[in-house]
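A quick write-up on the structure given underneath.
The values are calculated or read from the model by the stated rules, or taken from the named source; none is laboratory data. Worth saying up front: this structure is predicted, and the values here are computed from it rather than measured. Cβ sites come from the backbone with ideal geometry, for glycine too, and all protein chains shown count toward neighbours. Just so you know, the surface numbers come from the protein's heavy atoms only, side chains and all, with ligands and any DNA or RNA stripped out. Shrake-Rupley method; radii C 1.70, N 1.55, O 1.52, S 1.80 Å.
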Amino acid sequence: MIEIAQITSLLGIDPDRTVAVGQVPSGSVLRKPASRNTWQIIESGDDSADVDEMLRRICGRLGPVREEIRSLRNAGCEVMVSVIQYLAAADRTGPGFSMDSATLEFISFVGAELDVDQYVIE
């Protein structure tokens with residue numbers, strides 16, 4: 001299993017969040033210890049946030065190390081782009097998002113999985 005420090009060293013970028021094996025992730029509802037090491041880059045926003053733009057920023061931050069991310073994937077690491085969207089009637093942007101061709105190409109190049117979770121809040 002690759003260690004968090006190894007990922008940071010290979011990419012030359014500090015993560016926004018990490019979770020080590022056995023650690024309970026902060027904010028976890030289930031309070032279940034992690035079964036794998038996690039290294040994350042995070043973009044978040046409020047009810048006016050543009051998910052499309054947040055995805056572009058993530059790809060922009062990671063674009064310079066796309067080859068290294070791909071090598072992690074080829075070495076057996078799971079690479080995932082996760083979108084979590086909370087939806088409410090008062091949201092100014094409405095539900096959904098889109099991805100431009102550069103974002104799609106980045107996700108494909110690094111061999112990432114795309115996970116989208118949308119939650120309706122009242």
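If we keep just the residues of the stretch 27-68 that are assigned to a loop (DSSP other than H, G, I, E, B) and in contact with a helix residue (DSSP H, G or I) (Cβ under 7 Å, 6 or more places away or on another chain), which is modelled with the lowest pLDDT? Please lay out each step first, then the result.
Kept after step one, since they are assigned to a loop (DSSP other than H, G, I, E, B), are these residues of the stretch 27-68: 27-37, 41-50.
Next, only the ones that are in contact with a helix residue (DSSP H, G or I) (Cβ under 7 Å, 6 or more places away or on another chain) stay: 37, 41, 43, 45.
Working: ASN37: 92, ILE41: 93, GLU43: 89, GLY45: 81.
So the residue we want is GLY45.
Of the conditions (1) open to solvent by 50 Å² or more (accessible area, probe 1.4 Å); (2) touching a residue at least 24 places away in the same chain (Cβ under 8 Å); (3) not acidic (Asp, Glu), VAL83 satisfies every one except a single condition; which number is it?
So VAL83 meets the others, but not (1).
Hey, among the residues in the stretch 16-26 that are modelled with pLDDT of 90 or more and of a type in the set (S, T, N, Q), which one's surrounded by the fewest Cβ atoms within 10 Å (Cβ to Cβ)?
Of the residues in the stretch 16-26, the ones modelled with pLDDT of 90 or more are 16-24.
So of that shortlist, the ones also of a type in the set (S, T, N, Q) come out as 18, 23.
Details: THR18: 17, GLN23: 13.
Only one residue tops the list, namely GLN23.
Please go through the stretch 1-52 and give me each residue that is among the hydroxyl-bearing types (Ser, Thr, Tyr) and touching a residue at least 60 places away in the same chain (Cβ under 8 Å), ordered by number. Don't jump to the end; show me each part of the working.
To start, the set of residues in the stretch 1-52 that are among the hydroxyl-bearing types (Ser, Thr, Tyr) comprises 8-9, 18, 26, 28, 35, 38, 44, 48.
None - no residue of the stretch 1-52 is among the hydroxyl-bearing types (Ser, Thr, Tyr) and touching a residue at least 60 places away in the same chain (Cβ under 8 Å), so the list stays empty.
Restricted to the stretch 29-48, and to residues that are over 16 Å from the mean Cα position of the chain (by Cα) and more than 28 Å from ALA75 (Cα to Cα), which residue is surrounded by the most Cβ atoms within 10 Å (Cβ to Cβ)?
Per the stated criteria, the residue is ASP47.
Taking the stretch 94-118 as the region of interest, how many residues are in a helix (DSSP H, G or I), charged (D, E, K, R) and touching a residue at least 12 places away in the same chain (Cβ under 8 Å)? Outline the logic, then answer.
Quick first cut of the stretch 94-118, residues in a helix (DSSP H, G or I) only: 101-110.
Filter again for charged (D, E, K, R), leaving 105.
When the remaining residues are screened for being touching a residue at least 12 places away in the same chain (Cβ under 8 Å), the result is none.
So the answer is 0.
Anything in the stretch 69-80 that is among the polar types (S, T, N, Q) and either at pLDDT 95 or above or surrounded by 12 or more Cβ atoms within 10 Å (Cβ to Cβ) (or both)? List them, or say none. Show your work before the answer.
Keep residues of the stretch 69-80 that are among the polar types (S, T, N, Q), which gives 71, 74.
Hit for the stretch 69-80 is SER71, nothing else.
In the stretch 87-112, which residue that is open to solvent by 40 Å² or more (accessible area, probe 1.4 Å) and of a type in the set (Phe, Trp, Tyr) is modelled with the highest pLDDT? Show your work before the answer.
Taking the stretch 87-112 and keeping what is open to solvent by 40 Å² or more (accessible area, probe 1.4 Å), we get 89-90, 92-93, 95, 97-102, 104-105, 108-109.
Within this subset, residues satisfying the condition of being of a type in the set (Phe, Trp, Tyr) are 97, 109.
Values: PHE97: 86, PHE109: 97.
The residue in question is PHE109.
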